[in-house]
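Remarks on the structure that follows.
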Amino acid sequence: MDTAAAERTATDGPEHRPPGRRLGAWCAALLFAAVSVVVGFRTADSDGITPVPQVLAFLPWLLAPTGLALLLTLLSRWWLGTAWGVLLLGLLAWFIEPYGKVGDPVGRPVADLRVLTSNVEFGQGTGSLVAAVRREKPDVVFVQECEYECDARLKDDLSQDYPHRRAVEGGGSEGSVILSRFPLKPADDVSGTMGMPGAVADVDGHPVRLQLAHP
């Protein structure tokens with residue numbers, strides 16, 4: 001009996017169990033593997049490659065497949081997989097938790113500003129953005145994936161109404177621009193594969209921190 005128990009321990013994997021449990025364990029392993037890729041890039045503080053950045057935007061939702069996979073490991077009695085799932089849940093909870101730290105603003109409003117943000121998809125939507133800006137007349141414009149031609153066109157078409165700007169120049173999807181009616185002071189950019197400039201706007205004498213975000 002002790003020998004049989006030792007053999008079961010030595011072969012604790014999806015491939016060494018009855019068909020029903022084996023299927024559950026393999027499904028759990030596939031879910032864990034997919035979640036582990038995303039969590040791994042998050043742990044390394046890296047954008048990763050498509051589709052990792054897109055999935056990272058929905059990081060809290062990864063609790064659902066991880067929880068399902070953890071349930072499958074329990075039903076399959078795959079204890080190594082259970083440990084894997086608990087570790088993933090712990091990492092997800094750790095990285096999700098800071099999102100809940102943002103408090104509501106306090107005090108009376110001191111200034112108003114209107115913001116428009118647009119991902120122009122490698123500059124292809126620049127013409128539509130220019131038209132939208134002229135129509136909506138926002139105070140601050142965040143533009144993602146603004147490559148060199150997009151950047152040049154925004155300077156030509158909008159610099160009169162938006163004389164203040166902060167930009168990270170780049171080709172393809174790497175360039176980004178902040179346009180503003182208000183004076184801007186430099187602020188630290190966010191380091192990443194995509195350009196993410198920062199600035200401090202002087203809004204009626206009040207400093208307002210601006211940060212363009214683009215995974």
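Can you compute the FRET efficiency between ALA83 and SER191 using 1/(1 + (r/R0)^6), with r the Cβ-Cβ distance and R0 = 35 Å? Round to the nearest 0.05.
Values: r = 34 Å, r/R0 = 0.96.
The computed FRET efficiency comes out at 0.55.
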Debye equation applied to the C-alpha atoms of region 22-148, log10 I(q)/I(0) at 0.09, 0.11, 0.16 Å⁻¹: -0.46, -0.62, -0.89
Give the Rg/Rh ratio for the chain, taking Rg as the radius of gyration of the Cα atoms and Rh as the Kirkwood radius, to two decimals. 1.18
Starting from the Cα of THR50, step 7 Å toward the Cβ, then list every residue of region 173-203 with an amide N under 15 Å from that point. 173-175, 194
For region 62-69, what does the Karplus curve 6.51 cos²θ - 1.76 cosθ + 1.60, with θ = phi - 60°, yield as ³J(HN,Hα) per residue in whole Hz, taken in order and with x for Gly and Pro? 5, 4, 5, x, 5, x, 4, 5
CD proxy at 222 nm, helix term only [per DSSP H run n ≥ 4: -39500 (n - 2.57); per residue of the chain; nearest 500]: -14000 deg cm²/dmol
Quick calc: nm separation of the 7 Å Cα→Cβ label points for ALA93 and ARG22 -> 3.4 nm
What accessible area, in Å² to the nearest ten, does a 1.4 Å probe give for HIS206? 70 Å²
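Counting trypsin sites (Lys or Arg not before Pro) as exposed when in a DSSP loop with at most 16 other beta carbons within 10 Å, what is the longest stretch of the chain free of them?
Numbers: sites that count: ARG77, ARG114.
With trypsin sites (Lys or Arg not before Pro) excluded where exposed in loops, the chain gives 115-215 as its longest stretch.
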Shape of region 19-96, Cα gyration tensor, a/c cut at 1.5: prolate
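Can you tell me, using C-alpha contacts under 8 Å and at least 6 residues apart, the relative contact order of region 19-96 as a whole percent? Kindly include the intermediate steps, with their values, before the conclusion.
Values: 69 pairs, mean separation 34.5, N = 78.
Relative CO of region 19-96 lands at 44 percent.
Out of the chymotrypsin sites (Phe, Trp or Tyr not before Pro) in region 24-76, which ones are loop residues according to DSSP with at most 10 other C-beta atoms within 10 Å? If you can, show how the numbers build up before the last one.
Working: sites: TRP26, PHE32, PHE41, PHE58, TRP61; in loops: PHE58.
Hits after loop and neighbour filter: PHE58.
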Taking Cα atoms only, helix 126-136 is inclined relative to the longest principal axis of the chain by an angle, in degrees rounded to 10, of 70 degrees
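Quick one: compute a quarter of the convex hull surface over the Cα atoms of region 75-193 and quote it in nm². Write down the numbers at each step before the final one.
Numbers: hull surface 48.8 nm².
Over all viewing directions, region 75-193 projects a mean Cα-hull area of 12.2 nm².
At 10 °C and 1.306 mPa s, grab the translational diffusion coefficient of region 147-215 from Stokes-Einstein with a Kirkwood Rh over Cα pairs, rounded to a whole number in µm² per second.
Numbers: Rh = 12.3 Å.
For the chosen part, D equals 129 µm²/s.
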Under a 1.4 Å probe, counting only protein heavy atoms, GLU97 has an accessible area in Å², nearest 10, of 90 Å²
Distance between the C-alpha centers of region 112-141 and region 147-215? Whole Å please. 12 Å
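The values are calculated or read from the model by the stated rules, or taken from the named source; none is laboratory data. What you see is a predicted model; the values in this text were computed from it and never measured. Methodologically, a virtual Cβ is constructed for each residue, glycine included, from the backbone with ideal geometry; neighbour enumeration extends over all protein chains shown. Surface areas here come from the heavy atoms of the whole protein model, side chains and all, with no ligands, DNA or RNA. Shrake-Rupley method; radii C 1.70, N 1.55, O 1.52, S 1.80 Å.
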